[in-house]
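Below: one structure, written as structure tokens.
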Amino acid sequence: MINILIVEDEPPISNLIRMSLQKAGYRCQCAFDGEQAINLIDTQSFDLILLDIMLPKIDGFELLEYIRPLEVPVIFLTAKNAVTDRVKGLRMGAEDYIIKPFEVQELLARVDVVLRRYHKTQAVLEIGGLVIDTRSMQVTKEGTPIRLTPKEYDLLLLFARNPNIALYRETIYRQVWGGELEYGSKTVDLHVQRLRRKVGWEQRLRAVNKVGYRLEV
Ligand code: CA
């Protein structure tokens, strides 16, 4: 699970961020001053840090210096008119900034973009006896690499990211090939059959009548 540290001294803002991120499926920790932040950073590993600048004890810029060697991405939380703070933060290596007050949707979008940039969206998936490394695009089963075509790989990833969900043929086609599936086309079925055999998912990749396929794990 993605772990995010929120460093913000104003409880209402901190709470709003925490609740929004938790709803979106992230795990969150909150620090209300710079010292607390350092304690948490030293004892846990985080995938992203949201960092206020004006903080008691140790300010956001000092914290950024402390965080930088750890290579954890940082998004600054800045006040409306603090242009120089934003520039300074970006120069110091922050990935992005959010101006307070902000819309929750904007916060979530920026968090998502930064996590993607850092390939933090679960780089290695372990599912149905397979290990899928999305950085090297390598698939292994019990340590043995499985050779897949690019389309088979995309198909596999789609199922792996949507376990136990029935996916329509049309959806599968749109996601993997792009465009609309032609009526009567067997493209999806043929590829699913071959993928099944290659990865040994004969019992897992089930046909769903009149719909498409579902990965059962
Ligand atoms: Ca503050």
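The values are calculated or read from the model by the stated rules, or taken from the named source; none is laboratory data. None of the values given here were measured: they were computed from a predicted structure. Here the Cβ is made from the backbone with ideal geometry for all residues, glycine too, and neighbour counts use every protein chain on show. With ligands, DNA and RNA removed, areas are computed over all heavy atoms of the protein, side chains included. Shrake-Rupley method; radii C 1.70, N 1.55, O 1.52, S 1.80 Å.
Of note:
- Residue match in region 23-46 (condition: away from the ligand (no atom under 16 Å from the Cβ) and closer than 19 Å to Ile99 by Cβ): no
- Single unsatisfied condition, Glu202 versus (1) open to solvent by 40 Å² or more (accessible area, probe 1.4 Å); (2) in a loop (DSSP other than H, G, I, E, B); (3) at pLDDT below 95: (3)
- Listed by first and then second residue, the pairs linking a residue in region 53-79 that is outside the structural domain of Arg110 (by TED's automatic domain parsing) to a residue that is away from the ligand (no atom under 11 Å from the Cβ) and part of a strand (DSSP E or B), with Cβ atoms under 9 Å apart and 6 or more places separating them unless they lie on different chains, form an empty list.
- Take the conditions (1) part of a helix (DSSP H, G or I); (2) among the aliphatic types (A, V, I, L, M); (3) within 13 Å of the ligand (Cβ to nearest atom); Leu50 misses just one of them, which is (1).
- Once region 1-22 is narrowed to residues that are part of a loop (DSSP other than H, G, I, E, B) and under 20 Å from the mean Cα position of the chain (by Cα), the residue that is farthest from the ligand (Cβ to nearest atom) is Met1.
- Among the residues of this structure, Leu40 does not count as one that is within 21 Å of Tyr118 (Cβ to Cβ), at pLDDT 90 or above and not in a helix (DSSP H, G or I).
- Some residue of region 54-63 being more than 12 Å from the ligand (Cβ to nearest atom), under 23 Å from Phe102 (Cα atoms), open to solvent by 20 Å² or more (accessible area, probe 1.4 Å) and of a type in the set (Asp, Glu): no
- Test: Arg116 is within 16 Å of the ligand (Cβ to nearest atom), closer than 30 Å to Pro163 by Cα and either open to solvent by 60 Å² or more (accessible area, probe 1.4 Å) or among the β-branched types (Val, Ile, Thr) (or both): no
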